[in-house]
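All remarks here apply to the structure that follows.
The values are calculated or read from the model by the stated rules, or taken from the named source; none is laboratory data. Note that the coordinates shown come from a computational prediction; the quantities given were computed from them, not determined experimentally. Backbone-built Cβ (ideal geometry, glycine too); neighbour counts: all protein chains shown. Quick note on the areas: whole protein, heavy atoms, side chains included, nothing else; ligands and nucleic acids left out. Shrake-Rupley method; radii C 1.70, N 1.55, O 1.52, S 1.80 Å.
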Amino acid sequence: KLYTNCVYNGNNCTIIQTSDVPVMANLKYFDKTQTGYHVVINDFYLEGNKNNSNNDGLILCGYYARVNNVTIRNIGGHGIVVTSYTIDGTEFDGYTMVEGMINNTKAYSYTVGKYPFYVHSNIIMITDWRLENCIFASENCTSWMYFDRISGWYLTDVQCYGKATENGLYSKFASGAQIENLTLDGIMSGGLFIDAQIGSV
């Protein structure tokens, strides 16, 4: 569990998932009365169980998250999840979840219906995040990247490869998002799928 106002330096150690809970997640994910602000995660390997579809890698659900040089592998669930929901499926109170940055990070997942990178929200808008120099890959996921209700995101130098049964990148209800140097390399039915656009991309 990731606590507010903490820096986690892994020095390239490996954390191995042993149950149905995520390998790493904000404390707020388990208890929405908690906060999830100012968490920094540096230099980890997160190891899952690719045969367990309930096993997610890293779940972020707070403001000002920073993820640097993290590799998430052998995940049966989602690789990285940015979400406004708790473990019991209820959404937080509020309107926005702002200013995260994920850099030099890799996530792999293996299951249809799951995503190496997944943004999940309903009412709350997840705004002003940045993805840079990231790799998302799979053997048989639904899409490499799925975005729901993002605003002001910036993606640059992101590579996706492997097999996606539907689309390489799926975006729903986005506004003001900027995508540069995106590589989609593998088997998919479509490259980019932009759905219910509410602003410029």
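In contact (Cβ under 8 Å) with a residue 40 or more places away in the chain and under 25 Å from ASP128 (Cα atoms): which single residue out of GLY36, GLY79 fits that description?
Numbers: GLY36 fails: in contact (Cβ under 8 Å) with a residue 40 or more places away in the chain.
None of the other options fit; the residue is GLY79.
Filter segment 112-131 for residues that are modelled with pLDDT of 95 or more, of a type outside the set (Phe, Trp, Tyr) and open to solvent by less than 50 Å² (accessible area, probe 1.4 Å); which is nearest to TYR95 (Cα to Cα)?
Checked segment 112-131; the qualifying residue nearest to TYR95 (Cα to Cα) is VAL119.
Within the bounds of segment 95-105, is there any residue that is touching a residue at least 24 places away in the same chain (Cβ under 8 Å), within 12 Å of PHE147 (Cα to Cα), more than 10 Å from the chain's Cα centre (by Cα) and surrounded by 18 or more Cβ atoms within 10 Å (Cβ to Cβ)? So that I can check it myself, show each step before the final result.
Quick first cut of segment 95-105, residues touching a residue at least 24 places away in the same chain (Cβ under 8 Å) only: 95-105.
Filter once more, keeping what is within 12 Å of PHE147 (Cα to Cα): none.
Within segment 95-105, not a single residue is touching a residue at least 24 places away in the same chain (Cβ under 8 Å), within 12 Å of PHE147 (Cα to Cα), more than 10 Å from the chain's Cα centre (by Cα) and surrounded by 18 or more Cβ atoms within 10 Å (Cβ to Cβ).
Among the numbered criteria (1) more than 14 Å from the chain's Cα centre (by Cα); (2) under 17 Å from LYS172 (Cα atoms); (3) not acidic (Asp, Glu), which single criterion is violated by VAL40?
Only one criterion in (1) more than 14 Å from the chain's Cα centre (by Cα); (2) under 17 Å from LYS172 (Cα atoms); (3) not acidic (Asp, Glu) is unmet by VAL40, namely (2).
Keeping to segment 88-117, report how many residues are of a type in the set (Ser, Thr, Tyr) and within 13 Å of LEU58 (Cβ to Cβ).
So in segment 88-117, the residues of a type in the set (Ser, Thr, Tyr) come out as 90, 95-96, 105, 108-111, 115.
Keeping just the survivors that are within 13 Å of LEU58 (Cβ to Cβ) gives 105, 108-109, 115.
Of the residues in that region, 4 qualify.
If you take the residues in segment 144-195 that are assigned to a loop (DSSP other than H, G, I, E, B), within 14 Å of the chain's Cα centre (by Cα) and among the hydrophobic types (A, V, I, L, M, F, W, C), which one is nearest to PRO116 (Cα to Cα)?
Let us first name the residues in segment 144-195 that are assigned to a loop (DSSP other than H, G, I, E, B), namely 144, 149, 152-153, 165-166, 173-174, 176-177, 188-189.
Next cut, within 14 Å of the chain's Cα centre (by Cα) only: 144, 149, 153.
Remaining after also requiring among the hydrophobic types (A, V, I, L, M, F, W, C): 144, 153.
On the way: TRP144: 5, TRP153: 18 Å.
Among those residues, the one meeting the criterion is TRP144.
For segment 30-52, which residues satisfy the criterion of being outside any strand (DSSP E or B) and open to solvent by 50 Å² or more (accessible area, probe 1.4 Å)?
PHE30, ASP31, LYS32, THR33, GLN34, THR35, TYR37, HIS38, ASN49, LYS50, ASN51
Across segment 148-167, what is the number of residues that are open to solvent by less than 20 Å² (accessible area, probe 1.4 Å) and either among the aliphatic types (A, V, I, L, M) or modelled with pLDDT of 95 or more (or both)?
Total meeting the criteria: 6.
So which residues in segment 76-107 are charged (D, E, K, R) and farther than 12 Å from HIS120 by Cα?
Here is the first cut: in segment 76-107, the ones charged (D, E, K, R) are 88, 91, 93, 99, 106.
Of everything in segment 76-107, those that are charged (D, E, K, R) and farther than 12 Å from HIS120 by Cα turn out to be ASP88, ASP93, GLU99, LYS106.
Scan segment 53-68 for residues that are in contact (Cβ under 8 Å) with a residue 40 or more places away in the chain and open to solvent by 20 Å² or more (accessible area, probe 1.4 Å) and jot them down. Please lay out each step first, then the result.
To start, the set of residues in segment 53-68 that are in contact (Cβ under 8 Å) with a residue 40 or more places away in the chain comprises 53, 57-58, 60, 62.
Within segment 53-68, just SER53 meets the criteria.
(1) in contact with a Gly (Cβ under 9 Å, 6 or more places away or on another chain); (2) at pLDDT below 90: which one isn't true of SER138, the others all being true?
Every listed condition holds for SER138 apart from (2).
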